[in-house]
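The values are calculated or read from the model by the stated rules, or taken from the named source; none is laboratory data. Predicted model only: the values in this text are computed from it and were never measured. Here the Cβ positions follow ideal geometry from the backbone for every residue, glycine too, while neighbour counts run over all protein chains shown.
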Amino acid sequence: MIHFWKCVLPMIIIIGCSTQDKEEIVVIARVGDKTIQMNEFKNRYSEYLNRIGAKDNLLFRNQFLEGEVDRIVLLATADSLGLGENLEIKDKINHARQSGILDEFFYREIFKTYQASDSLLRNAFEKSKTEIHVRHLYANSLEKANQLKTQLNAGVSFEELAITIFQDSALAATGGDLGYFSLGDMDPAFEDAAFALKDGEISEPIRTRYGYSIIQTLDRWTEPIITEQDYQLHKEDMNAVLRSRNVGKRRLELTDSLAAELNLSISENDLNLLFTNRPDIFKGEIIGIENEAVQLISTLGIWNSFEIYKQMQSLSNSQKQKIKSKENLRDALSGLLVRKKIIELANEKDWFIQPKFQDKLERVQDDITIQYTLSYFLNDKKTQNQSDYIFLLNDLKAGIPIHIDNEIVRRMVISF
């Protein structure tokens with residue numbers, strides 16, 4: 001797969017919506033037997049401007065329209081090459097579609113619906129008005145963190161230990177002193193632990209996204225006057241902060257509860273066979289085990305051997321690499337079941353059938369086809385640059401009649 005498309009595609013792949021209102025359908029461009037309608041273009045272009053934080057101008061407008069034309073040309077080329085029948089592309093499209101559904105489900109059902117309680121909001125607001133002074137010791141494993149805590153309990157100082165563990169000269173020289181910080185400045189788990197400590201108190205090892213920290217809160221300063229009016233003005237800001245901090249936790253809670261409800265059942269012998277043969281299964285080489293009557297039972301039904309093999313092959317490379325034990329494999333199979341269940345739940349939601357989301361899914365699928373189309377022509381080049389891309393597009397466009405109504409494009413009014 002080529003790398004150049006990763007730089008090019010943002011100019012031609014913008015996920016938008018195709019919802020049409022009751023206005024007269026006006027065509028602003030014709031590309032072969034395809035058309036670009038004004039309302040559709042305006043919706044997608046407006047979303048693009050919102051996303052990049054830019055204002056409409058004729059240059060942006062024409063560049064975006066050119067990208068939409070290029071997109072149609074590449075998809076038409078893919079059709080002529082029969083890329084739609086390529087099994088690898090079909091698998092990629094299916095995976096991209098599922099990812100798009102999962103992302104939308106979590107965004108709508110968890111992120112958008114999050115609302116912290118008033119007590120949590122007030123607590124967060126007070127933290128935002130407080131600066132705490134902390135120092136810490138870092139370890140990349142729980143075992144090393146526990147050793148550091150044991151040394152602290154035995155009377156070894158932060159200053160002595162910091163010299164031995166920090167490569168950062170400032171942290172090594174100051175006993176791991178991080179200075180003052182407030183809400184939103186540090187890793188959430190680190191912040192929660194630091195705020196919960198009394199001044200002078202030392203924590204147990206705290207797991208963060210970076211490793212483990214032993215934290216000591218030295219002192220804190222809180223603004224002397226915090227008014228109700230100020231809280232009401234910043235209430236939504238606090239909800240946004242808490243939402244971003246807690247959405248991952250809520251997502252994990254949902255997937256864990258779904259996994260429990262699915263009642264996954266697989267025999268130890270079957271799990272052992274799958275784990276032992278996982279390298280071959282991942283590569284699709286199942287000769288020798290193709291007739292094994294492996295079963296995975298859940299509330300979603302029964303997966304036979306071939307369904308399990310297929311599902312295991314659909315795991316990402318990073319997911320496959322994490323399977324180092326039978327328990328890891330069981331967790332991965334549970335995750336596959338949860339993914340299937342969430343997609344079923346998403347199909348029952350009103351937003352799923354809305355034209356805007358269906359168009360979004362279609363464009364995600366088209367993105368994969370476009371990537372493979374570019375690969376088909378440019379993959380034999382050792383390097384790809386913009387001139388290669390432009391030359392390819394100009395060559396492909398030469399075989400397709402293209403007409404753009406520049407006057408309509410110039411006069412259209414873009415609203416946000």
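Worth pointing out:
- Taking the numbered list (1) in a loop (DSSP other than H, G, I, E, B); (2) modelled with pLDDT under 95 in turn, GLU204 passes all entries but (2).
- Members of the range 301-336 found to be assigned to a loop (DSSP other than H, G, I, E, B) and of a type in the set (D, E, K, R), listed by number: LYS322, LYS324
- Filtered by the rule that a residue be among the acidic types (Asp, Glu) and modelled with pLDDT under 95, the range 249-267 gives GLU253, ASP256.
- Whichever residue in the range 110-132 is in a loop (DSSP other than H, G, I, E, B) and loosely packed, with under 14 Cβ neighbours inside 10 Å and, among such residues, is nearest to the chain's Cα centre (by Cα): LYS112
- Residue match in the range 6-14 (condition: more than 25 Å from LEU378 (Cα to Cα), surrounded by fewer than 19 Cβ atoms within 10 Å (Cβ to Cβ), at pLDDT below 90 and of a type in the set (A, V, I, L, M, F, W, C)): no
- Any hit, the range 196-204, residues being surrounded by 14 or more Cβ atoms within 10 Å (Cβ to Cβ), within 19 Å of GLU131 (Cβ to Cβ), in contact with a helix residue (DSSP H, G or I) (Cβ under 8 Å, 6 or more places away or on another chain) and not aliphatic (A, V, I, L, M): yes
- Condition met for GLY67 (under 25 Å from ASP405 (Cβ atoms) and in contact (Cβ under 8 Å) with a residue 12 or more places away in the chain): yes
- Hey, GLN371 buried (at least 16 other Cβ atoms within 10 Å of the Cβ), at pLDDT 90 or above, polar (S, T, N, Q) and under 31 Å from the mean Cα position of the chain (by Cα) or not: yes
- When each of PHE181, PHE158, PHE190 is tested for being closer than 16 Å to GLU126 by Cβ and of a type in the set (Phe, Trp, Tyr), the lone residue that passes is PHE181.
- Taking the criterion of being aliphatic (A, V, I, L, M) and under 30 Å from SER157 (Cβ atoms), the residues of the range 200-240 that qualify are ILE202, ILE206, ILE214, ILE215, LEU218.
- For the range 345-374, a tally of residues being charged (D, E, K, R), assigned to a helix (DSSP H, G or I) and free of Cβ contacts under 8 Å to residues at least 40 places away in the same chain returns 2.
- Of the residues in the range 225-237, none is touching a residue at least 12 places away in the same chain (Cβ under 8 Å) and closer than 30 Å to VAL338 by Cβ.
Okay, residues lined up against (1) in contact with a Phe, Trp or Tyr (Cβ under 7 Å, 6 or more places away or on another chain); (2) modelled with pLDDT under 90; (3) buried (at least 17 other Cβ atoms within 10 Å of the Cβ):
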residue	(1), (2), (3)
GLY335	no, no, no
ASP380	no, yes, no
TYR389	yes, yes, yes
ASP395	no, no, no
PRO401	no, no, no
ASP405	no, no, no
ILE408	no, no, no
PHE416	no, yes, no
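- Within the range 298-346, the residues that satisfy the criterion of being more than 14 Å from PRO279 (Cα to Cα) and of a type in the set (Gly, Ala, Ser) are SER298, GLY301, SER305, ALA332, SER334, GLY335, ALA346.
- Test: residue in the range 141-153 that is of a type in the set (A, V, I, L, M) and within 17 Å of ALA193 (Cα to Cα): yes
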